[in-house]
Amino acid sequence: MDKRYLLTSRQMADFVADGFLRFDAFIPDEINREAMREIDEEQIPRGYERQGQPLSGLWPDSRGFGALFRLPQVQGIIHSLVGPDPLYDHHAFHRVSPRHEEGQVWHADNIIDPRSAFDIQLFYYPHDTPREMGGTMFLPGSHLRRIHESDIGRYQNFTGQVPIVCKAGTVAVGHHGIWHCAQPNRTEQMRYMFKLRLNPTVRQRLLWNTDDLDAPEIHSSLFRNHKWYGNEDRLEYAQRIKLWRFLTGDEQFDSHYWLTRVENNPERVAAASAAA
Ligand SMILES: O=C(O)CCC(=O)C(=O)O
Ligand SMILES: [Fe+2]
């Protein structure tokens with residue numbers, strides 16, 4: 001894998017803090033057009049028999065989705081997060097009719113899942129998506145709150161929620177725990193969106209371009225306060241440090257002494273009392 005296409009440590013730290021990354025308008029128009037045609041012509045069927053199969057064998061002749069997942073830039077994103085040879089989990093097309101006033105409720109595509117290992121979900125927007133169409137609303141920093149699917153559906157809006165308003169050819173990639181919801185389509189155009197979930201087959205350790213592993217910005221990213229946490233932001237920082245340890249394999253990693261303090265549980269008997 002050419003290093004140029006891999007994520008940087010700074011980007012990985014943003015992923016750990018926010019639960020998703022976005023890459024704006026980098027898929028070529030030709031692939032965007034083909035992808036929408038493939039959706040219209042139902043050429044990419046939802047095959048449950050493919051679940052757990054390697055992504056690499058999928059859609060070999062497709063000039064839309066197949067070509068998209070063979071782009072080195074997309075491969076670099078995937079490799080950085082879930083490594084080589086990820087498995088296909090499932091995909092979903094969303095063709096939302098014009099003037100469709102309903103959005104989805106807030107949810108994560110997940111049951112309560114306490115693993116450190118994580119799946120990723122790619123969200124692909126093949127045409128311009130103005131706010132009237134959505135795009136998918138994400139809640140930054142929600143991915144480490146382990147919930148069951150639409151348990152959070154009673155919420156309406158959160159401080160800091162981010163709609164993926166974007167140009168054609170944008171991809172967002174999320175941790176499987178990210179809270180999200182589709183928005184209404186208030187335009188006169190059909191809205192297209194495609195989602196693909198992938199599972200790792202290797203330990204997710206240092207799979208990205210680690211040249212900037214010691215960048216000081218990593219600490220500020222890990223301590224990014226998403227305002228909807230209220231007073232619970234410290235709990236999130238601790239969770240993120242644990243995830244960074246998992247990703248780097250550095251079990252001593254800490255930021256601002258946060259976990260070191262909590263893990264300090266001395267067993268050594270003080271010399272004075274031992275003598276007594
Ligand atoms: O259509 C969207 O923007 C989101 C759809 C969704 O939640 C999903 O595919 O998991
Ligand atoms: Fe979803």
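The values are calculated or read from the model by the stated rules, or taken from the named source; none is laboratory data. Keep in mind that what you see is a predicted model, and the values were worked out from it rather than measured. Cβ placement follows ideal geometry from the backbone for every residue including glycine, while neighbour counts extend to all protein chains displayed.
What to note about this one:
- Once region 98-141 is narrowed to residues that are away from ligand 2 (no atom under 14 Å from the Cβ) and of a type in the set (F, W, Y), the residue that is surrounded by the most Cβ atoms within 10 Å (Cβ to Cβ) is Y125.
- Tabulated pairs, region 89-116, first assigned by TED's automatic domain parsing to the domain that holds C181 and more than 10 Å from ligand 1 (Cβ to nearest atom), second in a loop (DSSP other than H, G, I, E, B) and polar (S, T, N, Q), C-beta under 7 angstrom, 6+ apart or interchain: D89/Q51; P98/T187; P98/Q189
- Taken over region 225-264, the criterion of being hydroxyl-bearing (S, T, Y) and surrounded by 15 or more Cβ atoms within 10 Å (Cβ to Cβ) is satisfied by Y229, Y237, T248, S255.
- Residues of region 234-265 that are at positive phi and of a type outside the set (G, A, S): H256, Y257.
- Residues of region 11-30 satisfying the condition of being surrounded by fewer than 22 Cβ atoms within 10 Å (Cβ to Cβ), out of contact with any Phe, Trp or Tyr (no Cβ under 8 Å at 6 or more places or on another chain) and outside any loop (DSSP other than H, G, I, E, B): D14, R22, F23, D29, E30
- Subset of region 145-171 (residues that are β-branched (V, I, T), closer than 20 Å to H226 by Cα and not in a loop (DSSP other than H, G, I, E, B)): I152, V162
- Identity of the residue in region 56-94, assigned to a strand (DSSP E or B) and out of contact with any helix residue (DSSP H, G or I) (no Cβ under 6 Å at 6 or more places or on another chain), that ends up farthest from E149 (Cα to Cα): L87
- Pick from region 202-220, criterion of a type in the set (S, T, N, Q) and farther than 16 Å from F246 by Cβ, ranking: nearest to the chain's Cα centre (by Cα): N209
- Test: D233 is in contact with a His (Cβ under 9 Å, 6 or more places away or on another chain), in a helix (DSSP H, G or I), in the same structural domain as I111 (by TED's automatic domain parsing) and more than 13 Å from ligand 1 (Cβ to nearest atom): no
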